[in-house]
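K.L.:
Provided herewith is a single structure, encoded as structure tokens, for subsequent inquiry.
The values are calculated or read from the model by the stated rules, or taken from the named source; none is laboratory data. Here the structure is a predicted model, which means the values were calculated and not measured. Note: ideal-geometry Cβ built from the backbone for every residue, glycine included; neighbour counts use all protein chains shown. We work out accessible area using only protein heavy atoms, side chains counted, and drop any ligands, DNA or RNA first. Shrake-Rupley method; radii C 1.70, N 1.55, O 1.52, S 1.80 Å.
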Amino acid sequence: KMRIVTVCGMGFGTSLMLLMDVQAIAKKHGYEVDGEAVDLGSAKGKACDFMVASSEIASELSDESVEVVSINNLLDKEEIEQKVMPVIEKIAKGVK
């Protein structure tokens, strides 16, 4: 099962909402995603398949070893879906 980490400044609220959105989007496409919502400090070096964060936070995660999906408008589920699904599909196919 793939594992994602959603990141926001505080580690609750925004990142939790983002995690639920990503899981719902993945499920709609037939994927199951495990995840964790964390703050920026805890995110660094976390073991996961990819990270999702707001654009301000994503720039702070540029040195992570996994792909970081940057979301401009966290309330825009369409943007989240457009950016996250290609990554989920790539990981599901085992393409690095």
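Residue-wise test of (1) open to solvent by less than 50 Å² (accessible area, probe 1.4 Å); (2) free of Cβ contacts under 8 Å to residues at least 40 places away in the same chain; (3) in a strand (DSSP E or B).
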| residue | (1), (2), (3) |
| --- | --- |
| Glu36 | no, yes, yes |
| Gly41 | no, yes, no |
| Cys48 | yes, no, no |
| Met51 | yes, no, yes |
| Ser65 | no, yes, no |
| Val69 | yes, yes, yes |
| Leu75 | no, yes, no |
| Glu81 | yes, no, no |
| Val87 | yes, yes, no |
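K.L.:
Can you report the number of residues in the stretch 74-88 which are over 11 Å from Val52 (Cα atoms) and in contact with a Phe, Trp or Tyr (Cβ under 8 Å, 6 or more places away or on another chain)? Step through it out loud before you land on a result.
P.N.:
Start the filter on the stretch 74-88 by keeping residues that are over 11 Å from Val52 (Cα atoms), which leaves 75-79, 81-82, 85-86, 88.
Remaining after also requiring in contact with a Phe, Trp or Tyr (Cβ under 8 Å, 6 or more places away or on another chain): 88.
Of the residues in the stretch 74-88, 1 are over 11 Å from Val52 (Cα atoms) and in contact with a Phe, Trp or Tyr (Cβ under 8 Å, 6 or more places away or on another chain).
K.L.:
Output the qualifying pairs, or none if there are none: Cβ atoms under 7 angstrom, residues six or more apart or on different chains, first residue in the stretch 7-27 and aromatic (Phe, Trp, Tyr), second residue modelled with pLDDT of 90 or more and surrounded by 16 or more Cβ atoms within 10 Å (Cβ to Cβ).
P.N.:
Phe12/Ala37
K.L.:
I'd like the full set of residues that are among the polar types (S, T, N, Q) and over 9 Å from the mean Cα position of the chain (by Cα), limited to the stretch 50-74.
P.N.:
Ser54, Ser55, Ser59, Ser62, Ser65, Asn72, Asn73
K.L.:
Could you list, in sequence order, the residues of the stretch 78-93 that are out of contact with any helix residue (DSSP H, G or I) (no Cβ under 6 Å at 6 or more places or on another chain) and among the charged types (D, E, K, R)?
P.N.:
Taking the stretch 78-93 as the starting set, the residues that turn out to be out of contact with any helix residue (DSSP H, G or I) (no Cβ under 6 Å at 6 or more places or on another chain) are 78-79, 82-83, 85-87, 89-93.
The answer is Glu78, Glu79, Lys83, Glu89, Lys90, Lys93.
K.L.:
Which members of the stretch 53-63 meet the condition of being assigned to a strand (DSSP E or B) and either of a type in the set (A, V, I, L, M) or closer than 14 Å to Val87 by Cβ (or both)?
P.N.:
Ala53 - this is the single residue of the stretch 53-63 that is assigned to a strand (DSSP E or B) and either of a type in the set (A, V, I, L, M) or closer than 14 Å to Val87 by Cβ (or both).
K.L.:
Restricting attention to the stretch 18-34, which residues are open to solvent by 50 Å² or more (accessible area, probe 1.4 Å) and either closer than 10 Å to Thr6 by Cα or outside any helix (DSSP H, G or I) (or both)?
P.N.:
Initially, the stretch 18-34 is screened for residues open to solvent by 50 Å² or more (accessible area, probe 1.4 Å), giving 20, 23-24, 27-32, 34.
If the condition is that a residue be open to solvent by 50 Å² or more (accessible area, probe 1.4 Å) and either closer than 10 Å to Thr6 by Cα or outside any helix (DSSP H, G or I) (or both), then Met20, His29, Gly30, Tyr31, Glu32, Asp34 are the ones that fit.
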